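Below is one structure; the comments refer to it alone.
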Amino acid sequence: MAWTSTGSSNAELIDNMLRNGILGDVVADVVDGSKSEAEAASGRIARAMKKVDRANYVRDKRDAYEDSPQSIGHGATISAPHMHAYAASHLLPYLPPRGRVLDVGSGSGYMSAVLYHLMDDPHGQEPPTPTLDGNSKPLITGIEHISQLTDWSISNLKRDGLGEALERGQIEMVTGDGRLGYPSNAPYHAIHVGAAAPELPQELVDQLAPGGRMFIPIGTYMQNIYHVDKDKSGKVTQTEVMGVRYVPLTDRNLQKEF
Ligand code: SAH
């Protein structure tokens with residue numbers, strides 16, 4: 001079903017995912033919500049994803065609206081749109097207005113942009129400009145260990161209309177080892193990990209806010225997405241969600257070109 005979402009434009013790609021039940025449907029399962037909550041969630045994710053033109057985040061624009069992962073160089077890929085949609089659905093209930101999000105292995109910057117627009121549209125209407133909290137921390141922090149990809153992601157975000165959000169400090173894209181998180185902007189209400197970790201990095205668990213969720217692929221050959229949830233008292237639970245295939249979350253020197 002996922003692969004049938006390919007479209008001839010960004011809007012068509014997102015509409016096909018909506019039709020195929022990829023956007024938001026998991027929200028009802030995840031939070032025991034109703035069908036109408038799931039529909040509202042789908043609409044919110046579709047609105048956010050329509051604001052992010054995938055053509056601004058790929059190397060070859062002919063592939064932009066294909067529902068498949070594509071090489072972005074340096075041994076990295078931009079994930080398939082349906083995987084980004086799943087991740088957005090799984091994290092949506094954990095994105096409070098003016099909360100903080102960490103995108104680990106931010107690559108092209110595509111998911112950082114989607115997460116920003118999800119934060120920017122907290123009630124499903126045209127948003128007021130979000131303000132930073134008293135600590136002046138960004139809403140979205142993207143961390144990527146290949147500096148050329150960080151630089152490229154920043155130019156992608158600017159091309160996609162997010163230059164002001166970068167200038168205002170609402171989005172910050174940094175180069176560093178994402179396995180260590182980014183403590184100076186922590187704690188995070190939601191953490192998206194876009195590369196598969198051999199095991200759960202404790203630093204990321206430590207930087208998750210109480211009540212927060214991490215969406216993380218774990219495994220080497222066999223990989224699964226896990227929800228890592230921290231309740232209000234700080235208790236952490238780990239739930240296996242589905243099998244996947246991601247680029248490894250690894251040492252910079254071990255990342256292989258393909
Ligand atoms: N979500 C992004 C990228 C996915 S590919 C997108 O869709 O564009 C996974 C990314 O993780 C790659 O860009 C890779 O360089 C990065 N990565 C791998 N190990 C990392 C690490 N230890 N720290 C930070 N980034 C890492």
Residues residue 167 and residue 252, FRET efficiency given R0 of 35 Å [Cβ-Cβ distance, rounded to 0.05]
0.80
Counting sequence-distant residues (5 or more places) and residues on other chains, those with an amide H built under 5 Å from that of residue 188 are 208, 209
Of 36, 162, 105, which is farthest on the positive side of the dipole of the chain, counting Cα position, with +1 on Lys and Arg Cβ, -1 on Asp and Glu Cβ, and the Cα centre as origin?
162
Carbon/sulfur fraction of accessible area - the chain, other protein chains in place, 1.4 Å, %:
50
Calculate the length of the line joining the C-alpha centroid of segment 50-96 to that of segment 208-249, in whole Å.
19
With the 1.4 Å probe rolled over protein heavy atoms, the chain has an accessible area per residue in Å² of 44
With R₀ set to 22 angstrom, the calculated FRET efficiency between the beta-carbons of residue 202 and residue 151, to the nearest 0.05, is 0.15
Tell me the mean residue ellipticity at 222 nm calculated for the chain from its helices only (DSSP H runs of n ≥ 4, each -39500 (n - 2.57), averaged over every residue, nearest 500).
-8500 deg cm²/dmol
If you take the Cα atoms of segment 147-258, find Rg, then find the Kirkwood Rh from the mean of 1/r over all pairs, what is Rg/Rh?
0.99
Can you give the extra length, in nm with one decimal, that the chain gains between residue 15 and residue 239 once fully stretched, where that is 0.36 nm per residue apart less the Cα-Cα distance?
77.7 nm
Choose one of 14, 117, 4: the residue whose Cα lies farthest towards the positive end of the charge dipole of the chain (beta-carbon charges +1 Lys, Arg; -1 Asp, Glu; about the Cα centre).
117
Phi angles of segment 155-160, converted by Karplus (6.51 cos²θ - 1.76 cosθ + 1.60, θ = phi - 60°) into ³J(HN,Hα) in whole Hz with x for Gly and Pro, give 5, 4, 4, 5, 4, 8
Residue 159 paired with residue 68, simple spin-label distance in nm, labels 7 Å along Cα-to-beta-carbon
2.1
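The values are calculated or read from the model by the stated rules, or taken from the named source; none is laboratory data. No experiment lies behind these values; they were computed from the predicted model shown. All Cβ positions, glycine included, derive from the backbone under ideal geometry; neighbour counts span all protein chains shown. Quick note on the areas: whole protein, heavy atoms, side chains included, nothing else; ligands and nucleic acids left out. Shrake-Rupley method; radii C 1.70, N 1.55, O 1.52, S 1.80 Å.
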